[in-house]
1. Please compute the modelled spin-label separation between A191 and I244, points set 7 Å along Cα→Cβ, answer in nm with one decimal.
2. Subtract the Cα-Cα distance of M224 and R131 from 0.36 nm times their separation in residues, and report this length gain in nm to one decimal.
3. Test of understanding: express the Cα radius of gyration of the range 130-169 as a ratio to 2.2 N^0.38 Å, with N the residue count.
4. Scan around D62 for amide H atoms under 5 Å from its own, H built in the peptide plane at 1.01 Å from N, and keep only partners 5 or more places away or cross-chain.
5. Which of the lysines could a cross-linker span from K156 if the Cα-Cα distance has to be under 20 Å and same-chain partners fewer than 8 positions apart are dropped?
6. When the distances between all Cα atoms of the range 14-117 are binned every 10 Å from zero, what whole-number percent does each bin get?
7. Keeping all protein chains in position, work out how much accessible area L189 exposes to a 1.4 Å probe, and write it in Å² to the nearest 10.
8. For the chain, what does the relative contact order come out to in percent, with C-alpha contacts under 8 Å and a separation of six or more?
Amino acid sequence: MVTNHNSPTALITGAAGGIGQALVHAFGEAGYAVIASDISTPPDDLPCQSFVTVDLQRTVTDEAYAEEVFDKIRKHLDGDSLKVLVNNAATQILGEIEDLTHSDWRATLDINLLAPFFWTQAFLPELTANRGSVINISSIHAKLTKPRFAAYATSKAALMGLTRSMALELGDRIRVNAIEPAAIDTVMLRAGFEGDEEGFSRLAQCHPTQCIGRAEEIGRIAVMLAEDGVRFLNGAVVPLDGGIGGRLCEP
């Protein structure tokens, strides 16, 4: 399906997950035509104009495949209507320092760091034509982390550096900002606490807000970051962490 050329278009990666679906809903409700992508099958009621099945890591490692994917997306764009690219897709591979493999590191860096760069690079002409913006979905692990998160935390810290570098270089053409969530109530998060409601409750209480974030909140912030009325906001990292980023934990 071709998007409505009269509407600004948002391209969202990782759209089949909990946060991705919330982003699709938020931009759709804000009047954007949405092109969604993911390696997983989306729910039937995902409100996007187009869905492109993509192996994101392969767009980093296989240039010919990447060009096929990008050309397919450009056909859905029907011109230069792209206003927003949301680099949301990510992988979280956990492991002790002794156990993380070369493959773990390659997948983590390809998907979480290099894909946002190459997707932004690929769609620079369309984004520039609309004075658009790129929104990278990072994580609190870029700054505050815990054991077994070495690969994931490193990739997200590097994504923060990439956000600032790209904003510096592209700021008169497109804006590049990031959102840095802490714990967000998704199916994936709850699966980690299956049968442990007390543990889930303790996680909520760790945050000064006494609650866990909602995916819809990420969507609302992303739409705000994309608005033309905040063009001076560039290279910013917006924490969505319930205040936990300011908490000092001592023994």
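1. 1.9
2. 32.0 nm
3. In units of the 2.2 N^0.38 Å rule of thumb, it is 1.35.
4. none
5. Straight-line reach from K156, under 20 Å: K143, K146.
6. Percent of Cα pairs in each bin: 14, 42, 32, 10, 2.
7. Its heavy atoms expose roughly 40 Å² to the probe.
8. Value for the chain: 20 percent.
The values are calculated or read from the model by the stated rules, or taken from the named source; none is laboratory data. Everything numeric here is computed off the predicted structure, so don't read it as measured data. As a convention, Cβ positions derive from the backbone with ideal geometry for all residues, glycine included, and neighbour counts pool all protein chains shown. Heavy atoms of the whole protein, side chains included, go into the accessibility calculation; ligands, DNA and RNA do not. Shrake-Rupley method; radii C 1.70, N 1.55, O 1.52, S 1.80 Å.
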